[in-house]
Amino acid sequence: MKESAAIIIDLPTLEQTARLGRYLGETARAGEIILLTGPLGAGKTTLAQHIGIGTGVPENCLITSPTFSLLHEYPGRLPLYHMDLYRLSGEEELEELGFTEYMYGNGLTIIEWPDRLGSMLPKEKIEVELHFTGDSSRRATISFHGTRFDQIKQGLDKITTTE
Amino acid sequence: MYLNHLIKLPTTSKMILLGIESSCDETAAALLANGRNVLASVINSQIDVHARYGGVVPELASRQHVRNILPVVRETLDQAGITLDQVDGIVVTQGPGLVGCLLVGFSFAKAVSLVRRIPMLGVDHLAGHLLSVFLGDDPPEFPFVAMVASGGHTSLFKVTSHTQFQLVGRTRDDAAGEAFDKVAKLLGLGYPGGPVISRLASDGDCEKIQFPRARLGPGSLDFSFSGLKTAVANHIHKTTEHGESLNIPDVCASFQEAVVDVICEKSLEAARMNQCDQIVLAGGVAANPRLRLRLKEQGTQQGISVHPAPLSYCTDNAAMIAYAGANNFLARAAIAPESDVYSRSPILTWS
């Protein structure tokens, strides 16, 4: 498994977050998995909203927090599965809810609070960790696990250097 | 093959309906007579699961629904002193929710329907919430504006009949109930957050901390609670960083007031914009005493009557599901056996 150093991107404003999200959504391919981590209020759902804009979720389909309902599905260029595992206790529950079937299916899966996955954590994935750096500014630490992300990574480099 | 080709539907309103709900955490069943009298309403958290978990949130899984459904339905029939032979129709939540959970109630209802030849139909969970007010002593008249606020939903509807709902506003990120849960989590107060925040808020000063109210532009009936949650997180962070002690009742009261202000403002604005002089308040957050009080006060000042759903039917229950189906039964609607559950609500899209 090819591991590479994490890329750190500062997100001083919502616009930078939106740009990062849209890019990840536009470049996403079927079966891709993005893990979002960071404390409550760090902007995980906000980033997911912009990833959804990138995958072409129609404007009248608002991407809202899946914390209560655990999983939201959205149409688009490819299906978007947005999961929040915050309320789950562990692997067994995930298996029973059939969540793993979504993860390796025909769409992009975004997973908030992925630590609940335990041994079911996918090997190929993009991990985005969001940190508070101020009231409205954030920092994203992005790591790519797997061989299929080289192109996405290069494009990301361009996005950050043209800031 | 449609069920209504096989079975004679009840022809009068003197019918007994069995309601079943399993869209999220709760497995629930209820029996409704004459389209409005609740004979029994049982929610899993009130029986064995409650005792086993000591009142803590029950384990959430479709497995739990599978385990609960039969005891819950049995308990409902027992409490009402009714047998399945006396049941004229089954109403079940068809969506929105988790497919795995919905399927438990839906498949159970289908099986009973087919084996016992009882007609059944599916209704929308949101329709159940916004009609739950009719189970109480203070029902409105059509048309009215309904504010449904819960852990998973925060939406405003214009309701013109038992079956016609128009979405006029909705949350763009977090639901109101979710904001309560997450703020409780930030404060280390446990789950669910609504009751504990409401209790602590009564000892706090709601003007102590100025938390933001997201209005989203003039005329917008949409909601956003994500920024409020982040503002509370920032406040906690800053206070503890400076070594000051956090006044939890003040945080609770100030946070609650921000949610209440926005819900009141938007509900009243929705009533004005839709020429309605009645507002219905429903969903789990409608159980919040401060919200009930403030919306009633502000409504009275503006000549708008406010009808909160009965407290016992604010959180998820099956009585509201049976009620929502009662009128459809009279309209001779019945469900096809090949029909399926849905995860996204058709009544939650702009028309």
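The values are calculated or read from the model by the stated rules, or taken from the named source; none is laboratory data. Source: prediction; values computed, not measured. Neighbour counts are summed over all protein chains in view; Cβ atoms, including those assigned to glycine, are modelled from backbone coordinates with ideal geometry.
Tabulated data for the structure shown
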read-out	value
Residue satisfying condition, being modelled with pLDDT of 90 or more and closer than 24 Å to B:S339 by Cβ, within set B:S62, B:S41, B:S107	B:S107
Residues that are crowded, with 21+ Cβ neighbours inside 10 Å, within 16 Å of the chain's Cα centre (by Cα) and either more than 7 Å from chain A (Cβ to nearest Cβ) or not aliphatic (A, V, I, L, M) (or both), drawn from region B:170-192	B:T171, B:D174, B:A176, B:G177, B:E178, B:A179, B:F180, B:D181
Single unsatisfied condition, B:P212 versus (1) assigned to a helix (DSSP H, G or I); (2) within 14 Å of chain A (Cβ to nearest Cβ)	(1)
Any chance B:A271 is over 17 Å from the mean Cα position of the chain (by Cα) and modelled with pLDDT under 95	no
Looking only at region B:93-152, and only at residues there that are outside any helix (DSSP H, G or I) and among the hydroxyl-bearing types (S, T, Y), the one that is nearest to the other protein chains (Cβ to nearest Cβ)	B:S150
Condition check for B:V159: more than 9 Å from chain A (Cβ to nearest Cβ) and either farther than 17 Å from B:L348 by Cα or in contact with a Lys or Arg (Cβ under 7 Å, 6 or more places away or on another chain) (or both)	no
Given (1) crowded, with 17+ Cβ neighbours inside 10 Å; (2) modelled with pLDDT of 95 or more, index of the condition A:E26 fails	(1)
Hits in region A:90-141 (condition: surrounded by fewer than 17 Cβ atoms within 10 Å (Cβ to Cβ), part of a helix (DSSP H, G or I) and of a type outside the set (A, V, I, L, M, F, W, C))	A:E91, A:E92, A:E95, A:E96, A:T100, A:E101, A:D115, A:G118, A:S119
Unmet criterion (only one of (1) part of a helix (DSSP H, G or I); (2) surrounded by fewer than 19 Cβ atoms within 10 Å (Cβ to Cβ)) for B:S339	(1)
In region B:278-330, residue surrounded by the fewest Cβ atoms within 10 Å (Cβ to Cβ) [restricted to those that are outside any helix (DSSP H, G or I) and among the aliphatic types (A, V, I, L, M)]	B:I304
Subset tally (residues that are among the acidic types (D, E) and either assigned to a strand (DSSP E or B) or under 13 Å from the mean Cα position of the chain (by Cα) (or both)) for region A:28-69	1
